[in-house]
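The values are calculated or read from the model by the stated rules, or taken from the named source; none is laboratory data. None of these values were measured; they are calculated from a predicted model. Here the Cβ is made from the backbone with ideal geometry for all residues, glycine too, and neighbour counts use every protein chain on show.
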Amino acid sequence: MHTSAHRIALPRWYNAPVGKPKSKRNASVSRGDLEALALVLFGTAFFLGVSVYPDPPLSGQVGAYLKAALWGNLGLLSWLFPIPFALAGTLILLKRPLRGLLRESLLTGLAGVSSLPLIAGVAPEWGGALGTWAHQALTTRLGPAGLLLAVLALSVVLDLALRHPPFTLVLTGFKRGIGAGLNLFRAYRAYRTARAQRARLRKAASSLAQEVQALLARYPDHRALATLQADLKAFLKNPDAFEPSELEGFRRLLDEFTEARAAELAERLAAENPGFSSRIQAWLGALNAPLSAHTPLMERLEERRKALILEFKAIQEKETRLARRAERAAEALRRSAAGLEAEWKAHEARLGEWRALEGLLEDLEARAESWTRWVEWAEQVGAERHAEALERLLEHGLEAAPPEAEEAAPPSPADPPAEATPPEPPVEEATAPPPSPNPAPRVSGGSGKTGSVSVHPTTTLSLPSPELLDPPEPKPANARDLQADAKQRAEIINETLSHFGLEARVVDWARGPTVTRFEVEPAPGEKISRIANLANDLARALAVGSVRVEAPIPGKSVIGLEVPNAERELVRFSEALHHPAFQRSRDKLPLILGKSIDGEMWVRDLAKMPHLLIAGSTGSGKSVCINTLLMSLLYRYLPTELRFLMIDPKMVELTPYDGIPHLVRGVVTNPADAAGVLLGAVAHMERRYKMMSQVGARNLEQFNAKMRELGEPTLPYLVIVIDELADLMITSPKEVEQAILRLAQMARATGMHLILATQRPSVDILTSLIKVNIPARIAFAVSSSHDSRTILDTTGAERLTGQGDMLFHQPGLAKPVRLQGPFLSDKEIHRITNYLRGQAFDDAFGEAYGADFDGPVQLGDPTGGKAGELDFSDPLLKKAAEIVVEEGQASVSRLQRRLSVGHARAGKLMDLLEAMGIVGPHQGSKPREVLITKEELPEYFGEP
C-alpha cells in the first residue's frame, strides 16, 4: 500500500467519477501507471511522427497507409497530429496538469481546419481533400470573397484562443486598418501638399530669379540685386534649407527695389521733354506780325513766314504728342521687371524721337533766322534792289544770304536836335536784358505798315524767358565711381555698427545732391536709440563733419543715416523751373523749395502754408532761398496778378528787385519806416476785407470772380517779404510784432502772405506768438541744437552742411524734410530784373491803393520840412508836368516809370501838380484829368 506522499493529483476531467464514487484508494493512481501512460503517448507520437513527416514513412506499410489517409484528406494539417500526444506525455512526466492541453489542441485543430481552404488556394496538395473541397465550395458559390469566411472562422478561433469575444480580432483589425488607411491617406496628402508647395516655391523663386536677372541686365551696378540673385540660386538649389517666409522677404526686397527704380524712371519720364515749347513759342511770336507785301520780294517773304509758322506748329504738335505719350507712360508704369524693361525701351525710343525732333527744330530755327536776315535786308535797302534779291531767293531759298549782306548797313540819319522835340527821360542801359545764349528775335509789327525785326525787349507785360537763366548742370559722368563710393561707405557703416555690438545692416541707399541716405535695418528687438546715439562715432568712421539720423524714415521700417557727399551736386534754378513738378503745378502760389534726397523736386503752395518763416546762420543759403522763392512767383505771375512789398533793412539782398513792376512801392530799406509800412499793409488788409464784405465774398478768389463778372478791376495777390526780421524787432519790436501778428492771423483770406527771414533765430526775435501763427518754416544750418529747436521745435538743423542744405516743415509732414535749395546767381537775378524793368503797363492797383503802403507820408523836405508842406523845388516837377500834358492823362505809375523814381516820390509829384492846378483830383482807379494845355505850361514854369 503506497503512502500519500507518492500520490499525484490529476485534473478533474482526468479522474472524473463514472457511476458510483470510488474509494480514495481506488482514486489514486500510482506513479508507475502515469509513466506507463506517458510512454504510451510518446510511442503514439513517435509512430505518428515517423509515419507523417518522412517521405517515405519509416513505419512500414501501416505507416504508409496512415500517412496516405491523413495527408490525402487533411494535407498539412496531418503534421499537427503527433504534437498533442508528445505534449501530453511531456506534461505527465513533468507532473504538470493537463487541463489546458485538450482546449489548446481542439482550438489548434479548429484553426487548422479553418485554414485548409486558404492553404488549398495556394497549393491544393497541401490542403488535402478536405481543404480542396472546402475551397471549391466557397469559391464556387461566393467567388474569391468566399475565402473571407475561412478568414473569419480563423479569426473567431484565434479570439477563443486568446479568450476574447468572437470577432474581436476582426473588429480590431478593421479599426486599425481604417486608422492605418486614414494615416496613410493623411501622409500622402501631406506629401502631395508639401510637394505642391515646394513646386510653387520653386516656381516663384525661378520667377524672381528671372526678374532679378532682367533687372541686373538693366542695373548691373546695384549690389542689392547681386546679393538677391545669389540668395535665390541657393534657394533653388536646396529649397528645404529655407523657410517659405524667406522667399516672401526676397519678393519684398525685389518689390522695394523695383518701386525705387520705377520712381527713378518716372522722374526720367517726367523730365523727358527737353522743353522746346518756349523756343517754339518765341519764334511763333517773332513770326506773328505779317509783312506788308508792297513788292514781290516781300510777298515771297510773307509766304515763307506763313510756311515757317506752319512748320513750327507741326513741330509743336509733335512735341505735344510725345509729351502726352511720356505722361501716359508715367501714369501706366508697371512696378515690375518686365514693366520697367518695356518702359525703358519705349523711353529710349522716345528719346530718339526727341533728338530727331530737336534736329528738325534746329534746322527750322536756322531757316527762320535766315528769314529774319532777309527781312532786315529788305527793309534797309530800297525797293529797286528787291528784284535782284527775289531771283536769288527763288533760286537758292532762305539758305542763301541776301545780296551784299556782309556789308555794313548805311548809317541812319542823324537824330533831330534835342530842342526840336519835348525832352524825354533818359533810357537806362539796365532796362534791356543781356543777350541770352540763343535769343529768339521779336518781330514787332507796325500799325498796318511793314513789320520790323527787333531784338529789343517788348514794353508789354510778359513773363521772363527761361533763356535768361544759366543752363542746368550736366548729370555726373562718374556714376560707377559714385556707386562704388556709396558701397564702400555702406560697408564702413556695417563694420562700425558691428563693432559697437549692434545687430543692424545697410539694406539700401539713395544719393541726393548734398547727402546720401543709407537705410539701416535693425534686427528684431534692437533699439533705435542705440543707433541714433552713434551719430558722432559714425561721422568719425566715415571721416565726415556730421551724420544726421532720421529714425525711422517716414513710411519705412528702416533708419536713415544722412552722410554728406564728398562732391556736392549743384542744383540750378533753371533745372527746377523746367521740372514737371513746377510746370504742371496747379498751386495758387507755387514756390520752388528744393530737391530731396530721393530726387523729388519739392514745389509747395504759399497760399496753403499760408506764411513762411526762414532762418539760418550767415552763409547757409538763406538769401539764395529768398531769391528762389521770389523767382518762382515772378516766372508764374504778371504784375497785374501778383504784387510784392519788400522790406530789406540790410539794403543788400532785395535791392536788386527795386524798380520791377511787381512792387507796390520801392524796397523799404529804413528800419524806422518799416513799421509804418507794415501798419499800412494791415490797413490795406482791412480795406480788402471791407471790399469783400460788400460783394459777399469770403476770399480773394471769390472777390475777383465777382469783379470779373461786373467788369471791375480785380485785386492781385500780395506777398510781403522781410529779409531781416531781427533789425525790425530791435528798432520797433512792439509795432512790428503787432503788425506781423495781425497779418499772419487774418491776411490769408485776402490773398496777402508773409515771407519772413532772419539770421538770428533767438526767442526775442522769433517770439512764440510769431511761431504759432507761421507754422511753415525753413531752417538752414545753425550753430546749435538750441537754435534748431527755436526754428523747427526739433533738432537736426545743427547737422546741416550749409550752401542751401535745408530742413522744411509745414503742418501735415510727420518730420522735417531735408532738401537742397536751387542755386540762383546774382547775374541771373540782374538779367531777369532788368528784363522786368523794361516792361510798362497801366498800374491801376498802384493808382488806387499804392498810398496804403507809403506809411506816414511827409511831403516836402525829408530832412527839415514839416509835415504837410509842399516842396515845389523838386527838380523833376517841370518834367512831370510836361509828361502829363503830353500824354493827356495823369497817373502815379506813369510818372514812376517815365521818371524812374519810386512810388512815394511820384505820388508827391502828383500832389504838387494837383496843388498847382495842372491835374484834377484823384478819381479812384481812373487816371487824373489834365486841366491845362501845352501852350499854358510857360505860365506855370516860365519860358524855357
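Of the residues in segment 79-96, how many are assigned to a helix (DSSP H, G or I) and either over 18 Å from residue 44 (Cβ atoms) or of a type in the set (Ser, Thr, Tyr) (or both)?
We begin by selecting, within segment 79-96, every residue assigned to a helix (DSSP H, G or I); these are 79-80, 82-93.
Filter again for either over 18 Å from residue 44 (Cβ atoms) or of a type in the set (Ser, Thr, Tyr) (or both), leaving 90.
Residues that pass the stated criteria total 1.
Can you find even one residue in segment 695-716 that is within 25 Å of residue 799 (Cβ to Cβ), in the same structural domain as residue 816 (by TED's automatic domain parsing) and buried (at least 17 other Cβ atoms within 10 Å of the Cβ)?
Let us first name the residues in segment 695-716 that are within 25 Å of residue 799 (Cβ to Cβ), namely none.
No - not one qualifying residue is present in segment 695-716.
Condition check ((1) among the aliphatic types (A, V, I, L, M); (2) crowded, with 17+ Cβ neighbours inside 10 Å; (3) in contact with a helix residue (DSSP H, G or I) (Cβ under 8 Å, 6 or more places away or on another chain)) across all residues:
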| site | (1), (2), (3) |
| --- | --- |
| 122 | yes, no, no |
| 131 | no, yes, yes |
| 154 | yes, yes, yes |
| 157 | yes, yes, yes |
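Does residue 743 satisfy the condition of being part of a helix (DSSP H, G or I), touching a Pro at 6+ places or on another chain (Cβ under 6 Å) and under 28 Å from residue 655 (Cα atoms)? Write out each step before concluding.
Details: part of a helix (DSSP H, G or I): yes; touching a Pro at 6+ places or on another chain (Cβ under 6 Å): no; under 28 Å from residue 655 (Cα atoms): yes.
No.
Could you tell me which of the residues 712, 653, 701, 686 is of a type in the set (Asp, Glu), outside any helix (DSSP H, G or I) and over 26 Å from residue 622 (Cβ atoms)?
On the way: 653 fails: over 26 Å from residue 622 (Cβ atoms); 701 fails: outside any helix (DSSP H, G or I); 686 fails: outside any helix (DSSP H, G or I).
Just a single option satisfies the conditions, and that option is 712.
Scan the helices (runs of 4 or more DSSP H) fully inside segment 509-618 and keep the ones with 2 or more residues being surrounded by fewer than 16 Cβ atoms within 10 Å (Cβ to Cβ) and hydrophobic (A, V, I, L, M, F, W, C). Before the answer, list the steps.
Working: elements: 528-532, 535-542, 573-578, 580-583.
So the answer is 528-532.
Just wondering, is there one or more residues in segment 97-112 that are in a loop (DSSP other than H, G, I, E, B), out of contact with any strand residue (DSSP E or B) (no Cβ under 7 Å at 6 or more places or on another chain) and basic (Lys, Arg)?
The initial filter retains those residues of segment 97-112 that are in a loop (DSSP other than H, G, I, E, B), namely 97-98.
Of the ones still in play, those that are also out of contact with any strand residue (DSSP E or B) (no Cβ under 7 Å at 6 or more places or on another chain) are 97-98.
Next, only the ones that are basic (Lys, Arg) stay: none.
No, segment 97-112 contains no residue that is in a loop (DSSP other than H, G, I, E, B), out of contact with any strand residue (DSSP E or B) (no Cβ under 7 Å at 6 or more places or on another chain) and basic (Lys, Arg).
Restrict the check to segment 570-584 and report whether at least one residue is among the charged types (D, E, K, R) and within 30 Å of residue 478 (Cβ to Cβ).
Step one: filter segment 570-584 for residues among the charged types (D, E, K, R), giving 572, 575, 584.
Narrowing the set further to residues that are within 30 Å of residue 478 (Cβ to Cβ) leaves 572, 575.
The answer is yes, given that some residue of segment 570-584 is among the charged types (D, E, K, R) and within 30 Å of residue 478 (Cβ to Cβ).
Looking only at segment 582-624, how many residues end up being of a type in the set (Gly, Ala, Ser) and touching a Pro at 6+ places or on another chain (Cβ under 8 Å)? Quick ask: steps written out before the conclusion?
As a first pass, look at segment 582-624 and keep what is of a type in the set (Gly, Ala, Ser): 585, 594, 596, 599, 607, 615-617, 619-621, 623.
This time we only want the ones that are touching a Pro at 6+ places or on another chain (Cβ under 8 Å), so: 594, 615-616.
Qualifying residue count for the region: 3.
Taking residue 191 as the residue in question, decide whether it is in contact (Cβ under 8 Å) with a residue 40 or more places away in the chain and at negative phi.
Details: in contact (Cβ under 8 Å) with a residue 40 or more places away in the chain: no; at negative phi: yes.
It is false that residue 191 is in contact (Cβ under 8 Å) with a residue 40 or more places away in the chain and at negative phi.
With within 60 Å of the chain's Cα centre (by Cα), aliphatic (A, V, I, L, M) and at pLDDT 85 or above as the only criterion, which of 880, 844 stands out? I'd like the intermediate steps shown before the answer.
On the way: 844 fails: at pLDDT 85 or above.
On inspection, the qualifying residue turns out to be 880.
For residue 652, work out the one condition from (1) surrounded by fewer than 20 Cβ atoms within 10 Å (Cβ to Cβ); (2) modelled with pLDDT of 90 or more it doesn't fulfil.
(2)
Would you check which residues across segment 312-344 are crowded, with 18+ Cβ neighbours inside 10 Å and acidic (Asp, Glu) and list them?
Those that are crowded, with 18+ Cβ neighbours inside 10 Å and acidic (Asp, Glu): 319, 343.
Step by step: first the residues of segment 163-179, then only those that are among the aliphatic types (A, V, I, L, M) and surrounded by 11 or more Cβ atoms within 10 Å (Cβ to Cβ), then the one that is modelled with the highest pLDDT. Which residue is that?
From segment 163-179, those among the aliphatic types (A, V, I, L, M) are 169-171, 178; that's our starting set.
Applying the additional criterion that residues be surrounded by 11 or more Cβ atoms within 10 Å (Cβ to Cβ) yields 169-171.
Values: 169: 77, 170: 76, 171: 82.
Among those that are among the aliphatic types (A, V, I, L, M) and surrounded by 11 or more Cβ atoms within 10 Å (Cβ to Cβ), it is 171.
Residue check: is residue 287 among the hydrophobic types (A, V, I, L, M, F, W, C) and at pLDDT 80 or above?
Working: among the hydrophobic types (A, V, I, L, M, F, W, C): yes; at pLDDT 80 or above: yes.
Spelling it out, residue 287 is indeed among the hydrophobic types (A, V, I, L, M, F, W, C) and at pLDDT 80 or above.
Please work out if residue 53 is modelled with pLDDT of 75 or more and surrounded by 12 or more Cβ atoms within 10 Å (Cβ to Cβ).
Yes: the conditions hold for residue 53.
Read through the list (1) surrounded by 18 or more Cβ atoms within 10 Å (Cβ to Cβ); (2) out of contact with any Asp or Glu (no Cβ under 8 Å at 6 or more places or on another chain), then give the number of the only condition that residue 680 fails.
Single failed check for residue 680: (2).
With modelled with pLDDT under 80 and either assigned by TED's automatic domain parsing to the domain that holds residue 161 or within 30 Å of residue 146 (Cβ to Cβ) (or both) as the only criterion, which of 87, 94, 58, 39 stands out?
Of 87, 94, 58, 39, the one residue that is modelled with pLDDT under 80 and either assigned by TED's automatic domain parsing to the domain that holds residue 161 or within 30 Å of residue 146 (Cβ to Cβ) (or both) is 58.
Assess whether residue 399 counts as being of a type outside the set (Val, Ile, Thr), touching a residue at least 24 places away in the same chain (Cβ under 8 Å), under 24 Å from residue 305 (Cβ atoms) and exposed (fewer than 14 other Cβ atoms within 10 Å of the Cβ).
Numbers: of a type outside the set (Val, Ile, Thr): yes; touching a residue at least 24 places away in the same chain (Cβ under 8 Å): yes; under 24 Å from residue 305 (Cβ atoms): yes; exposed (fewer than 14 other Cβ atoms within 10 Å of the Cβ): yes.
So residue 399 passes the test.
Which residue is modelled with the highest pLDDT, if the candidates are limited to segment 903-919 and must be touching a helix residue (DSSP H, G or I) at 6+ places or on another chain (Cβ under 7 Å) and either of a type in the set (Ser, Thr, Tyr) or part of a loop (DSSP other than H, G, I, E, B) (or both)?
Initially, segment 903-919 is screened for residues touching a helix residue (DSSP H, G or I) at 6+ places or on another chain (Cβ under 7 Å), giving 903, 906-907, 909-910, 912-913, 916, 918-919.
From the residues that got through so far, the ones that are either of a type in the set (Ser, Thr, Tyr) or part of a loop (DSSP other than H, G, I, E, B) (or both) too are 916, 918.
Details: 916: 83, 918: 88.
So the residue we want is 918.
Would you say residue 339 is at pLDDT 85 or above, part of a helix (DSSP H, G or I) and on the phi < 0 side of the Ramachandran plot?
Working: at pLDDT 85 or above: no; part of a helix (DSSP H, G or I): yes; on the phi < 0 side of the Ramachandran plot: yes.
The answer is no for residue 339.
Would you point out the residue of segment 482-508, among those that are not small (Gly, Ala, Ser) and not in a helix (DSSP H, G or I), that is surrounded by the most Cβ atoms within 10 Å (Cβ to Cβ)? Steps first, please.
Step one: filter segment 482-508 for residues not small (Gly, Ala, Ser), giving 482-483, 485, 487-489, 491-497, 499-500, 502-503, 505-508.
Subset that is not in a helix (DSSP H, G or I): 500, 502-503, 505-508.
Working: 500: 13, 502: 18, 503: 13, 505: 15, 506: 23, 507: 17, 508: 19.
It comes out as 506.
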